[in-house]
Amino acid sequence: MRKNIVAGNWKMNKNLQEGQDLVKELQSAVFGKALKCEVIVCTPFIHLATVGGVIDKNKVKLGAQNCADKVSGAYTGEVSAEMVASTGAQYVILGHSERRAYYGETNAILNEKVKLALANNLTPIFCIGEVLAEREAGKQNAVVKKQIEEALFDLSADDFAKIVLAYEPVWAIGTGKTATSAQAQEIHAFIRQTVAAKYGKTVADSTSILYGGSCNAGNAKELFANPDVDGGLIGGAALKVDTFMPIVEAF
C-alpha cells in the first residue's frame, strides 16, 4: 500500500524564528487528528537543525530542498546529503524545476544526488515535469519519461522503491494555473506505467506520485481523488497553516 503524502516546500521563505513558529503551529494543528496522509515540511538548509530539534517526527516529517552531488570536500556553499541527514531530516527534494532552470541541474547531476541521498538514508522526493512549450507541443510524456530514465533507471528495484516522485507541470507553478484533474491523472498514470515497464507492477503500485502544480484548498480534494495522484508537493500554500491544513485534510 503506497503512502499518501502532503509535503510543504517552503522554498526561500521564512527566517529562522518564523520557521520555528510555523512548524510549532503546524504541529498543534495536526495534534490529535487521525490524518490519512504523511505530512512533511521541506525547509531551507539553515532551518533544518533548529526545526529538527523542535519537530515531533511522529506528527510532521522533516525534509531538505536540495543536497550536493558530492560526498564532501572543497565545495564552498554546498550542503552534503550526510549533513542533511545529520539534522534529523528524513526527506530531500531533488530535481525541482527551479533547480533545473536556474542552476543548470542535469539528469546526470541529479542521478548523483539521488544515489548520495539514498546512501544516507534520505528519501528523495524526485521532481519531473514539462514547461509550457513542451505541453503545448504534446511532448509531456516524452519529457517526463526521459527525466525518469536518465536520472533514476540505473537504480536497483530495491533502491527505486525508496523514491517518491513528484510531477510538476512547470507551467502551473506559481502562475495560478493548474492542470485539470483529468490531465493530472493522465500523466500520473503514464508515469506509473513507465515505472512498471522497468521495475514491474509491484514496485510501480507502491510508488507514491505527488502532484506539484499550484495545488490548494480549492482543488486538492478533486486532485487527490484520482487513483494515481498520491498527494501534493505544495509551495505557497505551505507557508501558512490555515492554507496548508485544508490540503492535508483533503484525503
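Per the Kirkwood formula on distinct C-alpha pairs, the Rh of the chain is how many angstrom? That comes to 18.0 Å for the chain. Over 21 Å apart at the Cα level, from the set K11/K145; K24/K240; K14/K221, are K11/K145; K14/K221.
Considering only alpha-carbon pairs that sit under 8 angstrom and 6 or more positions apart, the relative contact order computed for the chain is 22 percent.
Think of each Lys and Arg Cβ as +1 and each Asp and Glu Cβ as -1; about the Cα centre, that makes the dipole of the chain roughly 300 debye. As a calculated quantity, the FRET efficiency between D242 and A196 at R0 = 45 Å, using C-beta atoms, amounts to about 0.70. Looking at this model, which pairs from K36/K139; K57/K162; K33/K115; K59/K162; K33/K177 are more than 29 angstrom apart at the alpha-carbon? Result: K36/K139; K33/K115; K33/K177 exceed 29 Å.
If you take all other residues with their beta carbon under 15 Å from the beta carbon of A68, and give Lys and Arg +1 and Asp and Glu -1, the sum is -1.
Taken over the range 1-57, the percentage of Cα pairs per 5 Å bin, counting from 0 up to the bin with the maximum distance, is 4, 18, 29, 24, 15, 8, 2, 0. Among the aspartates and glutamates, which fall within straight-line cross-link reach of K198, defined as a Cα-Cα distance under 14 Å, with same-chain neighbours fewer than 8 residues apart omitted? Excluding near neighbours in sequence, the set is E149, E150, D154, D158, D159. Mean-square fluctuations from a GNM of the chain, with a 10 angstrom spring cutoff on Cα atoms, peak among A137, A204, A117 at A137.
Using a cut-off of 15 Å between beta-carbons, work out the net charge of the residues near R100 (Lys and Arg +1, Asp and Glu -1, R100 not included).
Neighbourhood net charge equals -4.
Any idea what % of Cα-Cα pairs in the range 123-219 are farther than 18 Å?
43 percent
Of all the options Y91, Y211, Y75, the one that moves most in a Gaussian network model of the chain with Cα springs shorter than 10 angstrom is Y75. An ellipsoid equivalent to the range 1-101, defined through the eigenvalues of its Cα gyration tensor, has semi-axes of 24, 16, 13 Å when rounded to whole angstrom and sorted largest first.
Diffusion of the range 48-153 by Stokes-Einstein, at 10 °C in a medium of 1.306 mPa s and with Rh set to the Kirkwood radius over alpha-carbon pairs, works out to 108 µm²/s. Positive end of the dipole of the chain (Cβ unit charges, origin at the Cα centre): among G95, P169, A182, the Cα lying farthest that way belongs to A182. Entry note, the chain: the mean residue ellipticity at 222 nm calculated from DSSP H runs of n ≥ 4, each adding -39500 (n - 2.57), is -12500 deg cm²/dmol after division by the residues and rounding to the nearest 500.
Quick note: the coordinates plus some simple rules give every number you see, no bench work behind them. Keep in mind that this is a model prediction, so the values were computed, not measured. FYI the Cβ positions are ideal-geometry reconstructions off the backbone, even for glycines, and counts take in every protein chain you see.
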